[in-house]
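Undergrad: A single structure is presented below for examination.
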Amino acid sequence: MSQLTVVLPFALPIPEFAPDLVRSLQAPALSALLSRTSSRQRVALNDAVRALPHEQWLAQALGLTDSGRPAWAAAAMRAFGIQPEVGTWFIVNPIHIEIARTHLMMGDPRYLGLSDAESRALFETALPYFEEAGHALVYGDPKTWFMRADDWAGLDTATPEAALGMDLTDWMPSGERAAAFRRLQNEVQILWHTHPVNAAREARRLPPVNAFWAWGAAEASRLPAPNSPKLAAFDAGGVMNAIAAERPADLAQFAASAGGETILYCASAAPYAVGADWGGWVAQLQQLEAALFAPILDALKTRRSGIGQVRLLLSHRDALAEFTTTALAQRAFWRRISLDSLL
């Protein structure tokens with residue numbers, strides 16, 4: 001029996017707003033998928049891992065973890081067509097750090113708007129400083145670089161999504177080599193402070209690129225587990241989009257043809273929840289009702305796609321809820337369909 005798992009980051013409403021958001025949603029297909037289930041549970045998380053609930057789950061499902069942390073660097077490099085040399089590699093994202101009233105915060109990388117020319121210019125400026133510190137630096141795309149740092153293998157890092165919107169004092173890399181990381185970060189920040197790229201960006205009222213974020217450390221040989229599910233990504237961007245084997249343009253068509261063990265990572269709701277745009281969040285879930293949830297429910301009931309079981313994983317910053325349903329479970333007409341399980 002083939003299984004489709006749909007991972008929906010930030011589609012689980014946060015408790016304080018959940019009642020109002022659930023009342024605003026008109027989603028009968030999602031209601032059926034969440035109400036007529038064969039099992040449901042809140043997934044236990046490792047609080048010591050500085051990654052969001054869905055990131056922890058995905059890393060485990062793909063077999064790409066190191067002490068529970070997502071270890072995606074080597075897989076991402078291969079997705080970019082880069083064969084990593086033997087050693088420990090980190091994902092490096094150019095970012096904007098802004099000064100809030102009492103602390104430092106990371107600007108949302110999704111809205112950085114960094115062009116290839118800008119990124120390459122910043123990369124070339126920083127490269128000698130990385131090399132002088134003994135770390136190779138490799139360009140992937142405008143938002144994704146890679147750093148080899150064998151002696152930083154034990155560095156405890158956080159994913160950018162986990163650190164987003166938080167006080168960065170609590171989310172910077174920690175561990176024995178943290179001071180070395182901070183030195184390199186400070187040197188690069190000084191370099192980029194007066195860089196022509198940033199001067200031009202500020203003239204266009206764009207945020208300057210004034211720091212980098214390192215995370216996702218993995219040995220060069222690290223590959224997804226041999227029997228891990230196929231990963232598809234929609235509205236993902238970044239590393240998840242890179243390592244996905246499939247990037248469907250049409251969710252309904254994907255639901256109708258999915259087979260085998262497949263994970264669909266759909267991040268459509270995430271930017272709205274992160275930005276606390278709850279009107280946009282509701283509108284996005286309504287779009288997914290028509291584009292994804294209704295086709296999945298239809299495929300499950302009619303068995304046209306060969307899907308025998310559907311698992312939905314919905315998360316917010318602090319929780320991950322799992323709902324599993326089958327064609328048989330959907331016949332339980334006596335179970336009232338509702339979105340109450342989101343509360």
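Undergrad: List the strands (runs of 3 or more DSSP E) inside segment 228-343, counting only whole elements, that have at least 2 residues being β-branched (Val, Ile, Thr).
TA: The strands (runs of 3 or more DSSP E) meeting that bar are 261-266, 307-316, 319-326.
Undergrad: With respect to LEU34, is the statement that it is crowded, with 22+ Cβ neighbours inside 10 Å and assigned to a strand (DSSP E or B) true?
TA: no
Undergrad: Which residue out of ALA199, ALA162 is small (Gly, Ala, Ser) and touching a residue at least 24 places away in the same chain (Cβ under 8 Å)? Write out each step before concluding.
TA: Working: ALA199 fails: touching a residue at least 24 places away in the same chain (Cβ under 8 Å).
Criteria check complete, one pass: ALA162.
Undergrad: Continuing with this model, one more query. List every residue pair whose Cβ atoms lie under 6 Å apart, where the two residues are 6 or more positions apart in sequence or sit on different chains, the first residue falls within segment 280-297 and is over 21 Å from LEU4 (Cβ atoms), and the second residue, located anywhere, is assigned to a helix (DSSP H, G or I).
TA: That search, which allows pairs on different chains as well, returns GLY280/TYR272; TRP281/TYR272; TRP281/ALA273; VAL282/SER24.
Undergrad: Assuming ARG110 fulfils every condition listed in (1) modelled with pLDDT under 95; (2) more than 17 Å from TRP213 (Cα to Cα); (3) among the basic types (Lys, Arg) apart from one, which condition is it?
TA: The number of the failed condition is (2).
Undergrad: Being more than 24 Å from THR125 (Cβ to Cβ) and at pLDDT 95 or above is the filter here, so list the residues in segment 66-80 that pass it.
TA: PRO70, ALA71, TRP72, ALA74, ALA75, ARG78, ALA79
Undergrad: Also: Could you identify the single residue in SER221, SER228 that is among the polar types (S, T, N, Q), farther than 17 Å from GLN56 by Cβ and in contact (Cβ under 8 Å) with a residue 12 or more places away in the chain?
TA: Every option except SER221 fails the conditions.
Undergrad: Out of ILE82, ILE91, I need the residue that is assigned to a strand (DSSP E or B), in contact (Cβ under 8 Å) with a residue 40 or more places away in the chain, of a type in the set (A, V, I, L, M) and closer than 24 Å to GLY140 by Cα. Which one? Break it down stepwise before answering.
TA: Values: ILE82 fails: assigned to a strand (DSSP E or B).
Only one candidate passes the filter, namely ILE91.
For every residue, the table says whether it meets (1) surrounded by fewer than 18 Cβ atoms within 10 Å (Cβ to Cβ); (2) under 25 Å from the mean Cα position of the chain (by Cα); (3) closer than 22 Å to PHE254 by Cα.
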| position | (1), (2), (3) |
| --- | --- |
| ALA294 | no, yes, yes |
| ASP298 | yes, no, yes |
| ARG303 | yes, no, yes |
| GLY306 | yes, no, yes |
| LEU314 | no, yes, yes |
| ALA321 | no, yes, no |
| ARG331 | yes, no, no |
| ARG336 | yes, no, no |
| LEU343 | yes, yes, no |
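Undergrad: On to the next question. If we scan segment 266-275, do we find a residue that is over 19 Å from the mean Cα position of the chain (by Cα) and surrounded by 17 or more Cβ atoms within 10 Å (Cβ to Cβ)?
TA: There is no residue in segment 266-275 that is over 19 Å from the mean Cα position of the chain (by Cα) and surrounded by 17 or more Cβ atoms within 10 Å (Cβ to Cβ).
Undergrad: With (1) at pLDDT below 95; (2) of a type in the set (A, V, I, L, M); (3) within 25 Å of the chain's Cα centre (by Cα) as the list, and ALA327 as the residue in question, which single condition is left unmet?
TA: If we test ALA327 against (1) at pLDDT below 95; (2) of a type in the set (A, V, I, L, M); (3) within 25 Å of the chain's Cα centre (by Cα), just (3) comes out false.
Undergrad: Residue check, ARG42 against (1) in contact (Cβ under 8 Å) with a residue 40 or more places away in the chain; (2) in contact with a Gly (Cβ under 8 Å, 6 or more places away or on another chain); (3) assigned by TED's automatic domain parsing to the domain that holds VAL6, all met but one. Which one?
TA: (2)
Undergrad: Can you report the number of residues in segment 1-31 which are over 18 Å from HIS316 (Cα atoms) and part of a strand (DSSP E or B)?
TA: Matching residues across segment 1-31 total 3.
Undergrad: Further question: Give segment 152-193 a look and list any residue that's acidic (Asp, Glu) and either surrounded by 14 or more Cβ atoms within 10 Å (Cβ to Cβ) or farther than 20 Å from ALA218 by Cα (or both), or say none.
TA: Taking segment 152-193 and keeping what is acidic (Asp, Glu), we get 156, 161, 167, 170, 176, 187.
ASP156, GLU161, ASP167, ASP170, GLU187, listed by residue number.
Undergrad: Return the pairs, sorted by first residue and then second, in which the second residue is surrounded by 13 or more Cβ atoms within 10 Å (Cβ to Cβ) and charged (D, E, K, R), the first residue lies in segment 175-189 and is in the same structural domain as LEU127 (by TED's automatic domain parsing), the beta carbons are less than 7 Å apart, and the residues are 6+ apart or on different chains.
TA: GLY175/ASP156; ARG177/ASP151
Undergrad: For LEU168, only one of the following conditions fails: (1) in contact (Cβ under 8 Å) with a residue 40 or more places away in the chain; (2) farther than 23 Å from ALA76 by Cα; (3) touching a helix residue (DSSP H, G or I) at 6+ places or on another chain (Cβ under 7 Å). What is its number?
TA: (3)
Undergrad: When both residues are 6+ apart or on different chains and their Cβ atoms are under 9 Å apart, which pairs have a first residue that lies in segment 319-343 and is closer than 17 Å to SER2 by Cα and assigned by TED's automatic domain parsing to the domain that holds ALA11, and a second that is of a type in the set (A, V, I, L, M) and in a loop (DSSP other than H, G, I, E, B)?
TA: Pairs that qualify, where the first residue is closer than 17 Å to SER2 by Cα and assigned by TED's automatic domain parsing to the domain that holds ALA11 and the partner is of a type in the set (A, V, I, L, M) and in a loop (DSSP other than H, G, I, E, B), are THR326/MET1.
Undergrad: Considering only segment 123-151, state which residues are surrounded by 17 or more Cβ atoms within 10 Å (Cβ to Cβ) and of a type in the set (Val, Ile, Thr).
TA: VAL138, THR144
The values are calculated or read from the model by the stated rules, or taken from the named source; none is laboratory data. Predicted model, so just to flag it, every value in this text is computed and none were measured. Heads up, the Cβs are rebuilt from the backbone with ideal geometry, glycines too, and the neighbour counts pull from every protein chain shown.
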